[in-house]
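Heads up, the thing below is written out as structure tokens.
Read-outs: derived from the displayed coordinates by stated rules, not from any lab. Just so we're clear, the structure is a prediction, and the values are computed from it rather than from any experiment. All Cβ positions, glycine included, derive from the backbone under ideal geometry; neighbour counts span all protein chains shown.
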């Protein structure tokens, strides 16, 4: 695979990946459950790392960085209705992997192919976490000690008032 088609593939993967990230950021803003929100924050941090890798790959190939696509509609969720959003996120991750796995197999640049395979693997791991969140599981990224109180809700806005 020559440089131009590889750069286009990585750019297109970046655009699909950033679309998923923006969706996950929006869902995290409506999830008030402490443990599930923590799992979303973990996933978002990994996705930001994936995007950094893809951007650096584009720069390595001498390609311009892609602009971000527009954000989707603002989401809202009452009570446990966020579970449906988590289920949609699991499906979105599955669709991403199904779309990109065959394309990644055609990549001949070893380092970039390895990077893309790691991204696909972690995307499937995140799909598992979304599935568990949709089931109502609380032990997504570990089990809390009984002495840790997770009562209350996560605030949708992180910084309130004057700093």
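Quick notes on this one:
- Filter result for residue 57 (crowded, with 16+ Cβ neighbours inside 10 Å and not in a helix (DSSP H, G or I)): no
- Yes/no for residue 65 being crowded, with 17+ Cβ neighbours inside 10 Å and more than 29 Å from residue 139 (Cβ to Cβ): no
- Residue within the stretch 75-94 that is buried (at least 16 other Cβ atoms within 10 Å of the Cβ) and under 22 Å from residue 57 (Cβ atoms) present: yes
- Qualifying residue in the stretch 20-32 (condition: under 24 Å from residue 130 (Cα atoms) and more than 17 Å from the chain's Cα centre (by Cα)): yes
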